[in-house]
1. Restricting region 32-52 to residues that are touching a residue at least 24 places away in the same chain (Cβ under 8 Å) and over 9 Å from the mean Cα position of the chain (by Cα), which is farthest from Ser119 (Cα to Cα)?
2. Given the residues Arg134, Arg107, Arg80, Arg128, which is the only one that is modelled with pLDDT of 95 or more and out of contact with any strand residue (DSSP E or B) (no Cβ under 6 Å at 6 or more places or on another chain)?
3. Quick one: Asn53 ticks every box in (1) within 19 Å of Leu124 (Cβ to Cβ); (2) among the polar types (S, T, N, Q); (3) not in a helix (DSSP H, G or I) bar one, so which box is it?
4. Any chance you could count how many residues in region 74-91 are buried (at least 20 other Cβ atoms within 10 Å of the Cβ) and of a type in the set (Val, Ile, Thr)?
5. List pairs: first in region 54-70 and under 25 Å from Leu43 (Cα atoms), second among the basic types (Lys, Arg), Cβ under 7 Å, 6+ apart or cross-chain?
6. Does region 1-10 contain at least one residue that is part of a helix (DSSP H, G or I) and in contact (Cβ under 8 Å) with a residue 24 or more places away in the chain?
Amino acid sequence: MSVTGTPRSMTIAAKPASLGAVRTFVREGAMDAGLPEERIGELDLVIDELIMNVWTHGYSMDMPGDVTVTYTVPAPGELRVEVADQGVAFNPLEAEPPDLASSLEARPIGGLGIYLVKSLATSLTYRREQGWNRLTIGISAGS
């Protein structure tokens, strides 16, 4: 395990074909942080959801865009990942939680992915800065 406060970044097209590369990149950070395999699997789900949300909702099909993913390892057992895009402004922290008591048929589409991200992340912050959405996810070894 190596601890480094030095950020590592990659910029890639926000589309489904990019998921494998982004997962591999973020897994490197998770392994540097010494996260257990269970947490790395949860991190994969979080990253998939965020990249797909940027692709689906942040940009239009007529005007696709890029996403920049940056990670740091601030301490052993801790990983911070920022997902940044220049798509439509959207703060997922303000999204209404899904109605989990309703049947699947009665529920409106959407909201479960953000709920999943909020449930699996140790910390979550959002800011809109100079035309960029910046969502920072903290994942720790403990939970």
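The values are calculated or read from the model by the stated rules, or taken from the named source; none is laboratory data. No experiment lies behind these values; they were computed from the predicted model shown. Ideal geometry is used to build each Cβ from the backbone, glycine not excepted, and the neighbour counts take in all protein chains shown.
1. Asp32
2. Arg128 is the lone residue from the list that is modelled with pLDDT of 95 or more and out of contact with any strand residue (DSSP E or B) (no Cβ under 6 Å at 6 or more places or on another chain).
3. It fails just one condition, (3).
4. So the count comes out to 2.
5. Trp55/Lys15; Pro64/Lys15; Thr70/Arg8
6. Taking region 1-10 as the starting set, the residues that turn out to be part of a helix (DSSP H, G or I) are none.
Checked region 1-10: no residue is part of a helix (DSSP H, G or I) and in contact (Cβ under 8 Å) with a residue 24 or more places away in the chain.
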